[in-house]
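J.: This is the structure I want to talk about, given as structure tokens.
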Amino acid sequence: MKENIDIVRNRMLEAQKRAGRENENIILIAVSKTQTIDKLIEAKNEGLTIFGENKVQELVEKFPQISGVDWHLIGSLQKNKVKYIIDKVKMIHSLDSLELAAEINKRAIAIGIKMPVLLQVNIGKETSKSGVYEEAVSDILMELSGYSNLTINGFMTVPPISGEDSTRAYFRRMKNLFDNAKKLKYDNFDIKFLSMGMTEDFEIAIEEGANIIRVGTGIFGKRVYKEE
Ligand SMILES: *Cc1c(COP(=O)(O)O)cnc(C)c1O
């Protein structure tokens, strides 16, 4: 795994250089879904301390088994499951509706915290993916300004699987949304993160302005899904 991580870090640095961003801090999230705790500990020992999980149950199971790391929820979140993760995650990347925002806000108030969230954008309008459409973003952001205990930190996206040029164009549209949102001055806004890029496309994402990338396979190798 050390070798994989070195390769990912080198690829990040090369992409940052190409983009003239070598002095910027780009956050690498280790996407640990399906991976065993032993693997997570190995990654932690290589300096990876932010883990991304896409399922509430899996996150809740792993949470007590490893300390000194941060958890980010990157997969879709049902309203009735917010209560299980509200005190465990440092950021939710998958905010995709105002109903979910209201629930996260309510639970955050109850335990006296502010929850950092990213608005997930379905940039390719794929029925298989969650997230809001690009055209709806500005209205939704305005509505989100009313939730006192959310900190709106930016956007997350997973673009359609397509060729490099098309992927780049999707990322560029996200960067545009991000730059526009930075101008908003709502009290609970601190627009600073653009979470995009996975194993296959994180270099393009970095070249187009991502500052959080989410890498699973590139770090841990191919995922083995257990039969349910
Ligand atoms: C699984 C997953 C990733 C990581 O995918 P890889 O191709 O393994 O790097 C990133 N983001 C989300 C939302 C995921 O579900």
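J.: When the expected Rg is taken as 2.2 N^0.38 Å, what fraction or multiple of it is the alpha-carbon Rg of the chain?
T.: It is 0.98.
J.: Right, something else. About its Cα centre, what dipole magnitude does the chain give when the only charges are +1 on Lys and Arg Cβ and -1 on Asp and Glu Cβ, stated in debye to the nearest 20?
T.: With only Lys, Arg, Asp and Glu charged at Cβ, the dipole is about 380 debye.
J.: Also: Kirkwood hydrodynamic radius of segment 128-228 from all distinct Cα pairs, in Å?
T.: When all Cα pairs of segment 128-228 are included, the Kirkwood radius is 14.9 Å.
J.: Now for a separate question. Using a 10 Å cut-off around each Cβ, can you sort Ile111, Ile5, Ile123 from fewest to most neighbouring Cβ atoms?
T.: Ile111, Ile5, Ile123
J.: Please give the calculated 222 nm ellipticity per residue for the chain, where each DSSP H segment of at least 4 residues contributes -39500 (n - 2.57) and the sum is spread over every residue; nearest 500 deg cm²/dmol?
T.: About -11000 deg cm²/dmol.
J.: Now for a separate question. Quick one: of Lys33/Lys88; Lys106/Lys185; Lys2/Lys192; Lys62/Lys192; Lys55/Lys175; Lys81/Lys106, which pairs are farther than 18 Å apart, Cα to Cα?
T.: Violating the 18 Å limit, Cα to Cα: Lys106/Lys185; Lys2/Lys192; Lys62/Lys192; Lys55/Lys175.
J.: Which net charge results for the neighbourhood of Asn188, defined as the other residues with beta-carbon distances under 13 angstrom from its beta-carbon, given Lys and Arg at +1 and Asp and Glu at -1?
T.: -1
J.: Treating the beta-carbon of each Lys and Arg as +1 and of each Asp and Glu as -1, no other charges, what is the dipole magnitude of segment 2-74 about its Cα centre, to the nearest 20 debye?
T.: 200
J.: Something else about it: Tell me which residues come under 5 Å, amide H to amide H, from Gly52 once H is placed; ignore anything under 5 positions away on its chain.
T.: Ala30, Val31, Ser32, His72
J.: What residues qualify as long-range amide H neighbours of Thr151, i.e. H under 5 Å apart, gap of 5 or more or another chain, H built at 1.01 Å from N?
T.: Under 5 Å from the amide H of Thr151: Met115, Val117.
J.: Go from 0 up to the bin containing the longest alpha carbon distance in segment 4-50, width 10 Å each, and give me the % of pairs per bin.
T.: 24, 47, 23, 6
A short reminder: the numbers here are calculations on the coordinates, not readings from a lab. All figures in this text were calculated on a predicted structure; none of them were measured in a lab. Positions of Cβ are generated from backbone atoms using ideal geometry, with glycine treated the same way; all protein chains shown enter the neighbour counts.
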